[in-house]
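Each reported figure results from applying straightforward, stated rules to the coordinates on display, with no laboratory input. The structure displayed is predicted, hence computed values, not measured ones. Using ideal geometry, Cβ is built from the backbone for each residue, glycine included, and neighbour counts are taken over all protein chains shown.
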Amino acid sequence: MPDLRIILVGFGVVARSFAEIVESDGESLARRYGLKPKIVGIADSRGAAIAQTGIDLKKALGSKKDNGDLSGLDGIYHEGMTGAQVIKEADCDVVVESTPTEITAAEPGLTHLKTAMMKGRHVVCTNKGPLALAMPALIELAHHNEVVLKFSGTVGGGTPVLDFAKKCLEGSEVRSIKGILNGTCNYILTRMANESATMKDALADAQRLGYAEADPTYDVEGLDTACKLVITSNHVLGTGLSIKDIDIRGITDISVEDVKEALSQGETIKLIGGVAGGKAKVSPERVKLTHPLNVSGTFNAICFDTFPSGEVTLVGKGAGGPETATSVIRDLLEIRRAYAR
């Protein structure tokens, strides 16, 4: 059972959660799934560490916690080394790209993905930016270089939205998609509906609990939902969308009065990302209280309109380090199975 040599590009919450799983549960992964991850490179915004014999993950996690970087990895740490440089210099099988999402130019993630695939490395990506801007081109690049590009963690976190649609709905025609794809917005709207909280107060509470960033624009303006909609539509429906094709409206203009009026008519307001008939949009919409999409708190829900089965809805947690780290493991297992064939 050979090791699967991995480079982690980005060492934030998701990558550290993955490293913690490998450190604490590596023997179980090998025994249950035949998966033996060996981390041979780690890069963050300050520098990188490379060790072809494998990096001591306990030491790497401790250095990141204590120093804010990987400088505690004496002898293998290279201050200022970029993710792209690590991909070029370290010999590996898979690059796991989990740098923060950026949707203007999708950098540095886009460069990381291109560099990895052109070097013949398989890629697991949890960064939505490159796929939101250039998903068709990246898929073509993967095919051209005969590598696997996996990205299940970009939508739904630990909830297998993309795999569910492609595998469990196989045999049915998926005609349209609509869903709640951002837990932050759903938490805010839930507070407004259940407690008559104002948008400002609900957002402040979401930030206090860690559901929203200090700058919540990406979530509340609907951009995160739009990224996930692009990826889901392209993967499931075979569209060739980018985020520039999406009509986007967030939740910032929703008032308590709007929510109360909807409730009086047996409905609630949710931020919905949907694609049907070739048109894709993100906007606040009324949802019947009895509809499966009426989920509370930070939960996500996505509804696939299928023929001949009708509507099929998947509900689960949409984000979180450990949850998204499980999607990385799921993708690595797919790559391992491809090797086995």
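For the chain, the extents of the C-alpha atoms along the principal axes are 65, 45, 38 Å, listed from largest to smallest. Amide H contacts for residue 151 (H built 1.01 Å from N in the peptide plane; partners 5 or more residues away or on another chain; cut-off under 5 Å): 125.
Shown in residue order for the range 297-309 are the 3J(HN,Hα) couplings computed by the Karplus curve 6.51 cos²θ - 1.76 cosθ + 1.60 at θ = phi - 60°: x, 8, 5, 9, 8, 9, 10, 9, 8, 10, 10, x, 7 Hz (x for Gly and Pro). The residue among 269, 308, 226 whose Cα reaches farthest toward the positive pole of the charge dipole of the chain, with charges on the beta-carbon of Lys, Arg, Asp and Glu, is 308.
Note: relative contact order over the chain, using C-alpha pairs below 8 Å and six or more positions apart, is 18 percent.
Given the C-alpha centroids of the range 104-181 and the range 60-84, what is the distance between them in whole angstrom? Comparing the Cα centres of the range 104-181 and the range 60-84, I get a distance of 28 Å. Computed extension gain for residue 283 through residue 313, at 0.36 nm per residue and net of the alpha carbon distance, reaches 8.9 nm. Between residue 215 and residue 23, the contour length at 0.36 nm per residue exceeds the Cα-Cα span by 65.9 nm. Computed from Cα atoms, the angle from the helix 128-144 axis to the main principal axis of the chain rounds to 50 degrees. Here's how it looks for residue 47: its modeled amide H is under 5 Å from those of 80, which are all 5 or more places away or on a different chain. Secondary structure note: in the chain, about 65% of the DSSP beta bridges are antiparallel. Here the range 139-185 is treated as an ellipsoid with the same Cα gyration tensor; its semi-axes, largest first and in whole Å, are 23, 17, 10. Under a 5 Å amide H cut-off, with hydrogens placed 1.01 Å from N, residue 4 pairs with 36, 38 among residues at least 5 apart or on other chains.
Dimensions of the range 283-337 based on its C-alpha atoms, expressed as ranges along the principal axes with the largest first, amount to 42, 31, 19 Å. The residue list 318, 188, 71 was ranked by how far each Cα lies along the charge dipole of the chain toward its positive end, using unit charges on Cβ atoms, and 318 comes out on top. Shape index of the range 161-317: Rg/Rh, with Rg the Cα radius of gyration and Rh the Kirkwood radius from the inverse mean 1/r over Cα pairs, equals 0.97. Within the range 55-177, the proportion of C-alpha pairs whose separation exceeds 19 Å stands at 58%.
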